[in-house]
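Undergrad: Mind having a look at this structure? Questions to follow.
Only the coordinates and a few stated rules stand behind these numbers; no lab work does. Being a predicted model, the structure only gives us computed values, none of them experimental. Neighbour counts run over all protein chains shown; Cβ positions are idealised from the backbone, glycine included.
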């Protein structure tokens, strides 16, 4: 008895989260900005303001949640493909991007609305706080891939740099996102190309290359000199 | 690199090799633009030097549609010595291969299912590179299949690639812009057609059915239900490409059989179907030791307009060359010479064209012809070498010849070269009307 009650409870809770989230997306797409206040927003939904805070503490928390769901959905879709386990690390990352972009495509208006906040200043991306939850998830995923890659020697661990790889991958993700938002090619084919090229480049940079040989050689010469 | 060979996944190596190729090409672009930046007159000056090998070397590294235009124009204008243009004909797109996740995505998007669900087996790695795509091997119901998948963005890049090459071509070939457009349009329309796999499928089925009766030819079966605008599924053909085939030392008899099949195939297409597989690239033919020739890839098919056909092939009749008035008329009609030419130019170009036609039409003037005869190819080589060094030709700013001739010339040029590589002797079948009036 108690069990069903709690199940009912969770279900009711999930229902309400979905309802709030959908209403929020609807609102921002209709108005191009977030609601003036939680009070007004909840009134529109014919609910008490207090209920809102049972689920979220602000509008930006909803946005973070939505983005995190995109991430979760991506992971669950790629891991459900049986071929995924046979993939190399490079291919796993590619699969992630292709699937992620497909999911974003179904929500393009919202994504565009939400991601236009991102500003690029020099090499840094600013105003990405709405992605914070998504980022945590992605970095986890990326670090797992990196660890796997280091094990198979697909990726070389380098002093100092080796611990910053995940940061690079995050930047790459933001690049792909921005690229897709601005892509006007048919079927977003240009984005597919951008993903292939970006991932190939990053993996080539992370694998053993002329750079390592050059560094090694320079070190050798330096030590000889002493 | 050695350490990597221990990694169980050989694909890693392959992937990095492909990227290295990419980097090389990229580097060449950089080098080329850097040269131009330092010295904007670089191209023109070195072109006017007789041995502008650097430029040709640089050119041969240009990829994609840009290359194709230059390649075809240089063949048509006889600007490049044969040795160079031959190298160009071998050029291909060298895009790095599609990653498997992108292949899966393409399938899901266009055919609604992943390759694993459509076929019994499907190779994760590409077996071959096609000109604008890659080929995977698959099996279905015990049959071995070839599945060709197009690179993304190829169709989009055609137009922009051509735009990049335009200013370059104007300077390199010293040609005026209006005339250049006339080439560009022809090439662009063909290239865009090549990116439409639906059209290719239709033509492949059509031509292979109509040519089915020709002896010693075989074609793959096509599977429309497993094809779409970016994917084509067909039978996997066994056989060897020219180079490997010749390395097996086939007998003269077998080589003649294949050469004959090749000649008959083109003869039938040009004179009966009046549309032709206009890309006689060695990669499109598979040869077998029993003298059978397999034909794949109908990406570039040129439909020959009747009017052009009549005029163009009249030139090949031996008697035409003797009849000066008629010759003049045809030359005018085909725009080999124009009213804007001075009398001196007219005479010069007429001389060159007559010499070229006589030489290139030679196989038609005999009942059989031995393409193993290297001296014949040397003559062609010397002629184009000489023409390309003629000052008036280099400085002529008009494009000569009809645009339709571009693909027909290229087809014959490719066909002759293939037959030479095969060292084959063939019976040069031709339509009755070409034959009779020679006597």
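Undergrad: Could you compute the FRET efficiency for residue A:216 and residue A:85, with r as their C-beta to C-beta distance and R0 at 51 Å, rounded to 0.05?
TA: On the way: r = 34 Å, r/R0 = 0.68.
Approximately 0.90, to the nearest 0.05.
Undergrad: Per 10 Å bin, what percent of the C-alpha pairs of chain A does each bin hold, from zero upward?
TA: Reading upward from the zero bin: 7, 26, 29, 20, 12, 4, 2, 1, 0.
Undergrad: Right, something else. Taking the Cα-to-Cβ direction at residue B:392 and at residue B:355 and moving 7 Å from each Cα, how far apart do the two end points lie in nm?
TA: Computed distance between label sites residue B:392 and residue B:355 equals 1.1 nm.
Undergrad: First measure r as the distance between the Cβ atoms of residue B:370 and residue B:340, then evaluate 1/(1 + (r/R0)^6) with R0 = 60 Å and state the FRET efficiency to the nearest 0.05.
TA: Numbers: r = 42 Å, r/R0 = 0.69.
Approximately 0.90, to the nearest 0.05.
Undergrad: In Å, what Kirkwood hydrodynamic radius results for the stretch A:116-196 from the alpha-carbon pair distances?
TA: Values: mean 1/r = 0.0700 Å⁻¹.
Hydrodynamic radius (Kirkwood, Cα pairs) of the stretch A:116-196 is 14.3 Å.
Undergrad: Could I ask something else about it? In percent, how large is the relative contact order of the stretch A:106-226, given Cα pairs closer than 8 Å and 6 or more residues apart? Mind showing how you got there, number by number?
TA: Values: 50 pairs, mean separation 26.1, N = 121.
Once divided by the residue count of the stretch A:106-226, the mean separation gives 22 percent.
Undergrad: Contour minus end-to-end for residue A:51 and residue A:77, with contour as 0.36 nm per residue of separation and end-to-end as the Cα-Cα distance? Display every interim value, and only then the final one.
TA: On the way: separation 26, 0.36 × 26 = 9.36 nm, distance 3.22 nm.
Difference between extended and current length: 6.1 nm.
Undergrad: Output the 0 to 90 degree angle, nearest 10, between the alpha-carbon long axis of helix A:165-182 and the longest principal axis computed from the alpha carbons of chain A.
TA: 60 degrees
Undergrad: Can you give the FRET efficiency for residue A:17 and residue A:109, using 1/(1 + (r/R0)^6), R0 = 25 Å, r = Cβ-Cβ distance, to the nearest 0.05? Write down the numbers at each step before the final one.
TA: Details: r = 21 Å, r/R0 = 0.83.
In this case the efficiency is close to 0.75.
Undergrad: Would you kindly state how much longer the chain becomes between residue A:186 and residue A:140 on full extension, computed as 0.36 nm times their sequence separation minus their alpha carbon distance, in nm to one decimal? List each step's numbers first, then the result.
TA: Details: separation 46, 0.36 × 46 = 16.56 nm, distance 3.29 nm.
Additional length available on full extension: 13.3 nm.
Undergrad: With labels modelled as points extended 7 Å from the Cα through the Cβ direction, what inter-label distance (nm, one decimal) is found for residue B:177 paired with residue B:252?
TA: Between residue B:177 and residue B:252, the label points sit 5.8 nm apart.
Undergrad: Specify the angular offset, from 0 to 90 degrees and rounded to the nearest 10, of the alpha carbon long axis of helix A:132-151 from the longest principal axis of the alpha carbons in chain A.
TA: In chain A, helix A:132-151 runs at an angle near 30 degrees to the longest axis.
Undergrad: Here is a further query. Please compute the contact order of chain A in relative form: average sequence separation of alpha-carbon pairs under 8 Å and at least six residues apart, divided by the residue count, as a percent. Intermediate values should be presented prior to the final figure.
TA: Working: 139 pairs, mean separation 39.9, N = 226.
It comes to 18 percent, rounded to a whole number.
Undergrad: Could you tell me how many cubic angstrom of Cα convex hull volume the stretch A:82-125 has per residue? Provide the component values of the computation, followed by the final result.
TA: Working: hull volume 3.7 nm³, N = 44.
Value for the stretch A:82-125: 85 Å³ per residue.
Undergrad: Please give, to one decimal in nm, the separation of the simple spin-label points placed at residue B:163 and residue A:117, each 7 Å out from Cα toward the Cβ.
TA: The modelled label-to-label distance comes out at 3.6 nm.
Undergrad: Continuing with the same structure: Which percent of the Cα-Cα distances in the stretch B:240-381 go past 21 Å?
TA: Working: 5722 of 10011 pairs.
Value for the stretch B:240-381 (Cα pairs over 21 Å): 57 percent.
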